[in-house]
Amino acid sequence: MIDFEPIYLTLKLAFCTTIILLVLSLPLAYWLAYSQLKSKVIIEAIVSLPLVLPPSVLGFYLLLAFSAENAFGKFLDQYFDIRLVFTFPGLVIASVLYSLPFMVQPIQNGFKSLSKSLIEASLLLGKSKTETFFKILIPNIKKSILTGIVLTFAHTIGEFGVVLMVGGSIPSETKVVSIAIYDEVQAMNYHNANVYAGILFAFAFVVLLCVYSINHRFSKTSLLQ
Amino acid sequence: MIVFKIQKKLQAASGEMLLDLDFIIKENEFVTLYGASGSGKTTTLRILSGLTTADKGMITVHNTSWLDTDNKVQLPPQKRKIAYVFQDYALFPNMSVRENLSYALEKGQDKTIIEELLTLMELEQLQHQKPAQLSGGQKQRVALARALVQKPAILLLDEPLSAVDNEMRAKLQDYIIQAHRKYKLTTILVSHDIAEIYKMSDQVIVLENGKISKKGTPEQVFSSRLVSGKFQFVGEILKIEKENFVYIVSVLIGNNVVKIIAMEEEIKDLEMGNKVLLASKAFNPILTKID
């Protein structure tokens, strides 16, 4: 019988990661798009690191950092009673770091595509930067935000390396679908592996289908707007 | 009255340039900034509106200090009460024409100004359309209307008419003059078009490499000698034809081509494309080169 727990866990992980990243990325992308500081290239490079780094490298460093043997892990354990290795919260933090560029980059490009005079016009109409951000900038980069959300969600679902390193394969805690497939193949349960793989395959296709059809619709309406 | 005394180092294409300006604009005056691109016109508007900071200097508007680098006074753009019409109009794409205007309302401000401006700029028919559905001239009117919602005392126009055709241009100039008079504005326009400057401005300030090279009425600035005429128009020479002993000069004034008879000595420093001042003295129209 197929165990649906990994599917539920995968969706929960993707959901948490996406929400956290959306909240983090809007101000971060705004800063990256408009800051005049020269040192921002360093932050830009760090944000994009997960795109080129093997997941196992990132997972390895996170594992070291979270471990109770080391300062950061010890600090969390002693003062907050938080253990991040082989736990769901640890998985969420790892996913947030790993999917960061998938949320930040589309939003940053969205901000960059807007004419700077939109912001200046709003300021000259007496509006604060916060009001300008929520009433002018965000509504005009909806398409980019949506792209970021969908990509982050899908990318989190497709994770394997980081999740395996940080979370291992603990049922109901860290065993997500991609790990479950690996386990089932190891155990020669090709039928179950097939079902999980089929679900992920169909899901990935549907997600991309949505992204492209939304993009098409947006580009049509923006012509009509 | 606007007192403007500013210094700012700029990175121009030709290297470093010092923008060093000192001028006074009277209340309700219509002033045009004229000059080659890169001479500092737009930067002047941006410094006045607070979007760009100056290195040194002071700006006083109607006896209020907006900027005084010696006393560390710097009013943020939000508090300067300036209507600014951008070259690209800067209409908010997510809002309809009416919403663009409503966004500009201050907290608790009377909403009747919206209807008034929609009527004045003839935008009632378009009020529910989004900016992307509008033509260049229509966007221009929306941008002007939106800038006027907060009833500012100063209107800044950064080459607002460069992207529209001649017919539309003439109409928009009328809208601007109308708004200037109705709301008793002090208006500063950046323009390259001498005909436009003649039609609209009381004072022209000519900028050259960040300095004021000439200042005065359009006639003082653009005509080498003063013409006392009964009527005068600015136009562009389309063609000069020889007919027996005289020349026929075709001049484009607004959208009309006017043919003028000229003698050989009158046309000797004129050629196609020249901007000319066409004025009538007694009975014979006379042509004077103004550029």
Tell me, which helices (runs of 4 or more DSSP H) lie completely within the range A:129-168 with 1 or more residues that are surrounded by fewer than 23 Cβ atoms within 10 Å (Cβ to Cβ), among the acidic types (Asp, Glu) and within 13 Å of chain B (Cβ to nearest Cβ)? A:129-132
From A:Ser122, A:Ser99, grab the single residue that is under 17 Å from the mean Cα position of the chain (by Cα) and in a helix (DSSP H, G or I). A:Ser99
Looking at the range B:1-42 only, could you name the residues that are without any contact (Cβ under 8 Å) to a residue 60 or more places away in the chain, more than 17 Å from B:Val206 (Cα to Cα) and among the polar types (S, T, N, Q)? B:Gln11, B:Ser14
Regarding B:Ala104, is this residue small (Gly, Ala, Ser), farther than 30 Å from B:Gln7 by Cα and at the interface with another protein chain (Cβ under 8 Å from one of its Cβ atoms)? yes
Scan the range B:196-206 and tell me whether some residue there is touching a Lys or Arg at 6+ places or on another chain (Cβ under 7 Å), at pLDDT below 90 and of a type in the set (D, E, K, R). no
Among the listed residues B:Gln133, B:Gln87, identify the single one that is within 12 Å of another protein chain (Cβ to nearest Cβ) and more than 23 Å from the chain's Cα centre (by Cα). B:Gln133
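Among the polar types (S, T, N, Q), in the same structural domain as B:Val206 (by TED's automatic domain parsing) and surrounded by 19 or more Cβ atoms within 10 Å (Cβ to Cβ), is that true of B:Thr43?
Working: among the polar types (S, T, N, Q): yes; in the same structural domain as B:Val206 (by TED's automatic domain parsing): yes; surrounded by 19 or more Cβ atoms within 10 Å (Cβ to Cβ): yes.
Against the criterion (among the polar types (S, T, N, Q), in the same structural domain as B:Val206 (by TED's automatic domain parsing) and surrounded by 19 or more Cβ atoms within 10 Å (Cβ to Cβ)), B:Thr43 qualifies.
Scan B:Leu45, B:Leu21, B:Leu51, B:Leu10 and give me the residue that is modelled with pLDDT under 90, of a type in the set (A, V, I, L, M, F, W, C) and closer than 28 Å to B:Ser162 by Cα.
On the way: B:Leu45 fails: modelled with pLDDT under 90; B:Leu21 fails: modelled with pLDDT under 90; B:Leu51 fails: modelled with pLDDT under 90.
Among B:Leu45, B:Leu21, B:Leu51, B:Leu10, only B:Leu10 is modelled with pLDDT under 90, of a type in the set (A, V, I, L, M, F, W, C) and closer than 28 Å to B:Ser162 by Cα.
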Of the residues that sit in the range A:62-90 and are without any contact (Cβ under 8 Å) to a residue 12 or more places away in the chain and surrounded by 15 or more Cβ atoms within 10 Å (Cβ to Cβ), which one is nearest to A:Ile107 (Cα to Cα)? A:Ala65
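Inspect all residues belonging to the range B:40-49 and state whether any of them is out of contact with any Pro (no Cβ under 8 Å at 6 or more places or on another chain) and within 18 Å of B:Gly216 (Cβ to Cβ). Working first, answer last.
Restricting attention to the range B:40-49, the residues satisfying the condition of being out of contact with any Pro (no Cβ under 8 Å at 6 or more places or on another chain) are B:40-48.
In the following step, the residues that additionally are within 18 Å of B:Gly216 (Cβ to Cβ) were identified as B:41, B:44.
Checked the range B:40-49: at least one residue is out of contact with any Pro (no Cβ under 8 Å at 6 or more places or on another chain) and within 18 Å of B:Gly216 (Cβ to Cβ).
Name the one entry in B:Leu120, B:Leu161, B:Leu172 that is touching a Gly at 6+ places or on another chain (Cβ under 8 Å), in contact (Cβ under 8 Å) with a residue 12 or more places away in the chain and away from every other protein chain (no Cβ under 13 Å). I'd like the intermediate steps shown before the answer.
Values: B:Leu120 fails: touching a Gly at 6+ places or on another chain (Cβ under 8 Å); B:Leu161 fails: touching a Gly at 6+ places or on another chain (Cβ under 8 Å).
Result: B:Leu172 is the single residue among B:Leu120, B:Leu161, B:Leu172 that is touching a Gly at 6+ places or on another chain (Cβ under 8 Å), in contact (Cβ under 8 Å) with a residue 12 or more places away in the chain and away from every other protein chain (no Cβ under 13 Å).
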Scan the range B:121-151 for residues that are in contact with a Lys or Arg (Cβ under 8 Å, 6 or more places away or on another chain), under 27 Å from B:Gly108 (Cβ atoms) and surrounded by 16 or more Cβ atoms within 10 Å (Cβ to Cβ) and jot them down. B:Met121, B:Leu123, B:Gln127, B:Pro131, B:Gln150
Looking only at the range A:17-54, which residues are more than 16 Å from A:Gly148 (Cβ to Cβ) and among the β-branched types (Val, Ile, Thr)? A:Val41, A:Ile42, A:Ile43, A:Ile46, A:Val52
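The values are calculated or read from the model by the stated rules, or taken from the named source; none is laboratory data. All of these numbers come straight from a predicted model, not from anything done at the bench. In this analysis, Cβ positions are derived from the backbone assuming ideal geometry, glycine residues included, and neighbour counts consider all displayed protein chains.
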